[in-house]
1. Please verify whether residue B:437 is touching a residue at least 24 places away in the same chain (Cβ under 8 Å), assigned by TED's automatic domain parsing to the domain that holds residue B:314, farther than 25 Å from residue B:492 by Cβ and assigned to a helix (DSSP H, G or I), treating the condition exactly as stated.
2. Report the residue count in region B:452-469 for those that are surrounded by 17 or more Cβ atoms within 10 Å (Cβ to Cβ) and assigned to a loop (DSSP other than H, G, I, E, B).
3. Report the residue count in region A:32-70 for those that are within 10 Å of another protein chain (Cβ to nearest Cβ), at pLDDT 95 or above and in contact with a helix residue (DSSP H, G or I) (Cβ under 6 Å, 6 or more places away or on another chain).
4. Considering region C:136-154 alone, what residues qualify as being in contact with a helix residue (DSSP H, G or I) (Cβ under 9 Å, 6 or more places away or on another chain) and either within 19 Å of residue C:52 (Cα to Cα) or assigned to a helix (DSSP H, G or I) (or both)?
5. Given the structure, is residue B:112 buried (at least 20 other Cβ atoms within 10 Å of the Cβ) and away from every other protein chain (no Cβ under 14 Å)?
6. Out of region C:12-38, which residues are crowded, with 20+ Cβ neighbours inside 10 Å, in contact (Cβ under 8 Å) with a residue 60 or more places away in the chain and more than 7 Å from every other protein chain (Cβ to nearest Cβ)?
7. For residues that are under 30 Å from residue C:11 (Cβ atoms) and in contact (Cβ under 8 Å) with a residue 40 or more places away in the chain, scanning just region B:5-38, find the one that is surrounded by the most Cβ atoms within 10 Å (Cβ to Cβ).
């Protein structure tokens, strides 16, 4: 049978997670409780964190720190995080957003996990606490690559630099249901302009590989260019580099490959569609 | 938004309808908005047990062994059921109306025929305990070759999906591997047509996805009876099915339902009631069996996929002179309601159009897919899609406006339908006229003047000479492509079958009288216009100038005699399965 | 395994239940406390028929651990009417024929209530967003949207 442990501190929780192979952290419950309800998770320990640090937000300055237990609703309630509102609003309906956490989104299997796509385009660092020690930061991309292997301890938060100019951060989720549904794909792009030219572009995709991925071909195509028709065309041509989309109930691999360059082109062109 | 068009068919209807078009509050609405409406699952029982089934992970496999020992010992488990525990472990839904052979077990015994087929049922004192014990059941399988395509399934040598029907087709009248319709001579008409167009239409299975998943709760009552709260759309269907499978008289079951959280056809299969009742009988406790969402989506039966070939003979002036249909219903692994769907499909052909030569062969094929079932017009919806897409293609080929094209070919009262019944209460022309008006679609003055009430006369009211073939006779594979063997002379009508139910196949060892439709000799039936010796079996139709030449209408038919009682409205219609009913 | 006591307020009354450790709030409300307004539809957060308010915020009871509700304020569709007086949303749902089978209605009402509590005069798009986590499989959404918009402009709509 399943047990539930409520932990008053992060170190207590990470200690349990490290010591018990059958322990799973439950944040908002939107991933783990589904497995419980459908009988895939019947043994072990569900670990809850009630430490207020887990839900702490530090969003005022140039370096933003969000606890892993921060919910999508909390992001939407923060004016300082307005540039992340499109990504947060793309997660479920209001009830899901009251529950779903940033930390949980990092573990959501494709085609879910759209908020993580936004974090990837922000070059976010993940803070992981293994055992009772203090946390250490690792690049999100590295974390995602290692995610399937599991056993990394407790994700306590994410950190990233605030975009200098919020209008240089773009997010788009493409679904077949209006106003929203599960992702056909999602795209996040941070395109800082320096002297009218893109510098240090970061573009990330959701649902185009087993985890959210960086679109390095697109980043290269845009680097040092003005966002004109030629650059956008070059980016579209490089759009599918590194993509390994799946065929699932939402879309086929073929369809995802077909429409990704189209949506990328619209995002880069500032087309509202 | 509702509009009552009293100008159309005014003489066919009592004009005392006083509800349509008015906003009347529904009596169940207060319950819905206050959360007090009780669905099947909204009932509390002390000591209720929960039933979960172990499903096959394979589409087609022989069961080598089932080991339930560990599951039986698991905490909270009260009882584990296998096929041998089910009193009558083979059923077909329509056996309640003596239609089809029992072909589907409640719990699979020696083989599984689709992914998700239930094999073992676990009854425990909580859902969590039942789910945990489910993982302890060990079933060894030997994989069998499978077939997922309807036409592949019908080929010789295809894997046998359902041993009750070893040819992978439902057997009609114990004689044919399909539903057959013959009216006139399509081959001859194709040869004489200006154009022949054939297209293939492939549908997908569709899950009903009701917000409330399938489920039921069965609980012991007093006097050896059981109360069953059920999601069933057909409550007495579920009752009869449960009574048969658990082998009790139906008066020992007290079914309560009718409040359904979305059905759309997906709650007629009695997916949970029999095992819930059996569980309650064996444990003496209330037993709840509810599908979870994943089960509902994957293993709740869907609308069956259909593959439809439509071949039409078309004249340049827009008349359709022949229509031939070959259609395959994907029943999945078991019959459920697909046998009925093919009958509905055949009864619907060739669509709401008068066509002088019609032939159709509609097959129900078994594949290693989840069994399919009823869904909103099943049997008709898909073929209608195919036919209407085909109609647009024909209109384009004839260079005619698609709306005018439909008016030209529409049924009119008095037309002889391909089923040798006279068309009555036809209304396609009026529907097209109203739709065109609403959509600001330009319709010619002549098309606007057409009426369903007139024009169904002359050649249109006759039964043409009809070649018959022996195609698809069961036990005679050589007849699959048999040529015509006999010609029914023009005017030959079918003799109505006797009032006794048609017994098809055997059920529980009962007698199985065989009744094959017979045809009366070549005599005109009384209700038809005088029989005219045909110059050819396919007389040339009067020249057509699009839109159709409007003939001076004969005096309108006398209004039908007043209904005997003031309370009766509308026309009496005939249903092929349920007999005469009033609608 | 030992049961765990949980206390919370349900529709304004103090209630207590003994629950299994991984038990969901949905099971506790329905099987433990007899409030059948929240329904089971999917158990995976996609349908919204189990939507309840926890401390005024919409949550899905099928994904919420009961032990996490200790001391919280839970509200369901059962508690919306004030005795015989329907909540303006309930009245508007009746007037606009905003239910067919009725199964999604309690969750839909609760989602609408959460929306109007935050945003008493929502635009049509905001209403659509507000019920975007709730699936209605039969009526279509138009009458529901119309009902919520009508309730928003009705007197007394701000009543929580």
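1. No: the conditions fail for residue B:437.
2. 9
3. Final tally of qualifying residues: 1.
4. Let us first name the residues in region C:136-154 that are in contact with a helix residue (DSSP H, G or I) (Cβ under 9 Å, 6 or more places away or on another chain), namely C:136, C:141, C:143-152, C:154.
Selection gives C:136, C:143, C:144, C:145, C:146, C:147, C:148, C:149, C:150, C:151, C:152.
5. Against the criterion (buried (at least 20 other Cβ atoms within 10 Å of the Cβ) and away from every other protein chain (no Cβ under 14 Å)), residue B:112 qualifies.
6. Within region C:12-38, C:38 is the sole residue that qualifies.
7. Once the filter is applied, the top-ranked residue is B:37.
This table checks each residue for (1) without any contact (Cβ under 8 Å) to a residue 24 or more places away in the chain; (2) within 14 Å of chain C (Cβ to nearest Cβ); (3) in contact with a strand residue (DSSP E or B) (Cβ under 7 Å, 6 or more places away or on another chain).
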{"residue": "B:262", "(1), (2), (3)": "no, yes, no"}
{"residue": "B:274", "(1), (2), (3)": "no, no, no"}
{"residue": "B:279", "(1), (2), (3)": "no, no, yes"}
{"residue": "B:290", "(1), (2), (3)": "no, yes, yes"}
{"residue": "B:294", "(1), (2), (3)": "yes, yes, no"}
{"residue": "B:304", "(1), (2), (3)": "no, no, yes"}
{"residue": "B:312", "(1), (2), (3)": "no, no, yes"}
{"residue": "B:316", "(1), (2), (3)": "no, no, no"}
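The values are calculated or read from the model by the stated rules, or taken from the named source; none is laboratory data. Everything numeric here is computed off the predicted structure, so don't read it as measured data. Because the Cβ atoms are built from the backbone with ideal geometry, glycine has one as well, and the counts that use them run over all protein chains shown.
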